[in-house]
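The structure appears right after this line, and notes come after that.
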Amino acid sequence: MPFPLRPRRVTPGRASASSHRPSPLPARPAAFVDILPDLLPRLGHIRPLRESLRLWSLVLEARGVEHRVRDVPGSSHSLAEGMAQGWALEVLEPLAPRAVDEIAAFERENRSKCRQLAPGNPPSAAALPGALAVVLGLICMHGLTVGNIGAAGAALVRRAGLPDSHDAWIRLGGADARLMVYFGEWYRAVTALTLHSGPEHLGANACLGGIFLVLAGRELGLGVALCLTILSGMLGNMLNAWFHGAMHLSIGASTAVFGLLGALTTHRTLVMLAQDVRANHGWARERPALAWARVFAPLAAGVILLGLFGTGGGEGPSGSNGSGEPGRGGRTDVLAHLFGFVAGVGLGWILHRFSDWSRRTATAWALGLGSLGLVVAAWIMALR
């Protein structure tokens, strides 16, 4: 016999608590929020936004923060200097503060490493006086070769057995390709750097070379800058003589001037490239064109200056002579300038490879004094 169910008694006016209990709703998933509006004002403009998004995505992935990078047409976020349009870096809303902190910590550490990458030397105080001394030396040498030294000076020159005419000096010290290539008179590659065809030739080389020497001396040290100047000029004259083979004579410091330009711009480019690679933790596969342009801007500027002044179009250093007639002509030796620049590029690369060694004070003194000693030794060989 079934057990009878007793009807449940409900008091009028009192509803059952269970009859009005709300049914549980399904949990709402956390929404994605864009953190760029909070992140960009905090960090400022560091690098192109697309490159930053790639790095920040790797940071969040390494920290286990779920995120996504979206291309949002029409969106924009204010920066300190401009607008970053079309991108959103979205994370789950509860993780947004953590994501911003992780990226900010990454950028702080990254900037600290970049500052420690190449501390460099403070600007050399001897750069300007040293450059003026070199220019003064070129002026005195030109006065000696052209005979503008007064009666007493002329008497001393004759007593010392030195040449008494400009043409004689050029015959002894000019970069004669035939004598250099076939008779091994390598010292002419150095002595030719101190000879000039006239005041205009000397003035152009002194002005442009003085500016480059001050810039290089302030960044690299005067001793290193002098070494780069003389070595690049010597190598450039050797390459120029080897290319022509014979019947070519050139004089002037312009080969060394453009050699120093090549070395300085190459060294600066390599320093900026190393900083960029360190900042991005390696080579970036999708590097914006603007980033490459910033890194290689020094070398590009050097090439532009070479084209402007090294071809004679900007009234730059000239006076080199390809005719074989000593001291005549005044024609610009474009190949000598080009070979000097190429030699400077190679020396700039070597300098960057051994930058720690070249920063030592003893090394800088040795390079500077050794370079000046090379010039003196070359003239001793030419006059013997």
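Would you confirm whether or not the range 218-229 contains a residue that is touching a helix residue (DSSP H, G or I) at 6+ places or on another chain (Cβ under 9 Å) and either more than 22 Å from Leu369 (Cβ to Cβ) or not assigned by TED's automatic domain parsing to the domain that holds Gly307 (or both)? Scanning the range 218-229 turns up no residue that is touching a helix residue (DSSP H, G or I) at 6+ places or on another chain (Cβ under 9 Å) and either more than 22 Å from Leu369 (Cβ to Cβ) or not assigned by TED's automatic domain parsing to the domain that holds Gly307 (or both). Pro199 meets all of the listed conditions (1) modelled with pLDDT under 95; (2) in contact with a strand residue (DSSP E or B) (Cβ under 8 Å, 6 or more places away or on another chain) but one, namely (2). Might you check whether a residue that is of a type in the set (Ser, Thr, Tyr) and in a loop (DSSP other than H, G, I, E, B) occurs anywhere in the range 172-195? Yes: one or more hits.
Comparison of Ala364, Ala377, Ala343 shows that the only residue that is under 18 Å from Leu239 (Cβ atoms) and modelled with pLDDT of 80 or more is Ala343.
Taken together, Gly203, Gly184 contain a single residue that is at positive phi and either in contact with an Asp or Glu (Cβ under 8 Å, 6 or more places away or on another chain) or free of Cβ contacts under 8 Å to residues at least 60 places away in the same chain (or both), which is Gly184.
Can you tell me which residue in the range 171-196 is surrounded by the fewest Cβ atoms within 10 Å (Cβ to Cβ), limited to those that are among the β-branched types (Val, Ile, Thr) and at pLDDT 95 or above? Filtering first and then ranking leaves Thr194.
When the range 207-237 is filtered for residues that are assigned to a helix (DSSP H, G or I), crowded, with 24+ Cβ neighbours inside 10 Å and among the small types (Gly, Ala, Ser), the ones remaining, listed by number, are Gly209, Ala216, Gly217, Gly223, Ala225, Ser232, Gly233, Gly236. Every test in (1) crowded, with 24+ Cβ neighbours inside 10 Å; (2) under 17 Å from Ala127 (Cα atoms); (3) at pLDDT below 95 is passed by Leu260 save one, and that test is (3). Given the condition surrounded by 15 or more Cβ atoms within 10 Å (Cβ to Cβ) and modelled with pLDDT of 75 or more, answer yes or no: does some residue in the range 313-321 qualify? No, because not a single residue in the range 313-321 is surrounded by 15 or more Cβ atoms within 10 Å (Cβ to Cβ) and modelled with pLDDT of 75 or more. When you look at Ala160, is it modelled with pLDDT of 70 or more and loosely packed, with under 11 Cβ neighbours inside 10 Å, yes or no? Yes, satisfied.
The values are calculated or read from the model by the stated rules, or taken from the named source; none is laboratory data. Everything numeric here is computed off the predicted structure, so don't read it as measured data. All Cβ positions, even for glycine, are placed from backbone atoms using ideal geometry, and neighbour counts span all protein chains on display.
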